[in-house]
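The values are calculated or read from the model by the stated rules, or taken from the named source; none is laboratory data. Computed from a predicted model, the values in this text were never measured in an experiment. No Cβ is skipped: glycine too gets one built from the backbone with ideal geometry, and neighbour counts run over all protein chains shown. With ligands, DNA and RNA removed, areas are computed over all heavy atoms of the protein, side chains included. Shrake-Rupley method; radii C 1.70, N 1.55, O 1.52, S 1.80 Å.
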Amino acid sequence: MTEARNTRKILIVEDEVITAHGIAQTLEDLGYKPMGPALSGKDALEIISEEKPDMILVDIELKDDEDGIQLSEKIKTICDIPVVFITAYTDKKTFNRAMDAGAFGYLAKPFQDRDLEVAVEIAFYKYKYEKMLTESRMQYQILAEQVKDLIVRLDADGNIIYLSLIHI
């Protein structure tokens, strides 16, 4: 597992330079390849366009016009990269916004090295299986569209939840 880590590039988006360097050092100690830090959303987008990271750690409170959650939503429109939020804010509203934005993880500051490692590994795991599920759904859809017979799928109450188109 550790051997695969040294190929995983993680972009750090954190506007506090000392904090960013501390996270980078921890990631390096854990065997990852830290990128950045990006001190703003604009810096992050430039780094992403030049060299696609495997994951992005984003501080929610950036000193930009947009916060880290808004940045992650913008990133989603450009590329498919898992985002883990790091923040000192643990209120329910901020947490729900992060989850609604598709967070792969949420790490409250201050955190221990092991907490960062667990959050990153869970995010990579979740991302891998989400990709597999998406691919499986696409294959199912293609198969269902190719079948010449009618396919009806019902839920436990007998409601139709899928009805294939009939190809004539």
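Can you say whether Glu121 is within 30 Å of Met55 (Cβ to Cβ), in a helix (DSSP H, G or I), of a type in the set (Asp, Glu) and open to solvent by less than 80 Å² (accessible area, probe 1.4 Å), as far as the supplied structure shows?
yes
Which condition breaks for Arg153 when tested against (1) surrounded by 13 or more Cβ atoms within 10 Å (Cβ to Cβ); (2) touching a Phe, Trp or Tyr at 6+ places or on another chain (Cβ under 6 Å)?
(1)
Among the residues of the range 30-58, write down those that are in contact (Cβ under 8 Å) with a residue 24 or more places away in the chain, among the acidic types (Asp, Glu) and farther than 26 Å from Tyr89 by Cα.
Glu51
Which number in (1) among the hydroxyl-bearing types (Ser, Thr, Tyr); (2) open to solvent by 70 Å² or more (accessible area, probe 1.4 Å); (3) farther than 23 Å from Gly31 by Cβ; (4) at pLDDT 80 or above marks the one condition that Thr134 misses?
If we test Thr134 against (1) among the hydroxyl-bearing types (Ser, Thr, Tyr); (2) open to solvent by 70 Å² or more (accessible area, probe 1.4 Å); (3) farther than 23 Å from Gly31 by Cβ; (4) at pLDDT 80 or above, just (2) comes out false.
Restricting attention to the range 68-112, report how many residues are over 25 Å from Arg8 (Cα atoms) and either of a type in the set (Ser, Thr, Tyr) or open to solvent by less than 30 Å² (accessible area, probe 1.4 Å) (or both). Can you show your working first?
Step one: list which residues in the range 68-112 are over 25 Å from Arg8 (Cα atoms), which gives 88-97, 100.
Those left that are additionally either of a type in the set (Ser, Thr, Tyr) or open to solvent by less than 30 Å² (accessible area, probe 1.4 Å) (or both): 89-90, 94.
Going through the range 68-112 one residue at a time, the tally reaches 3.
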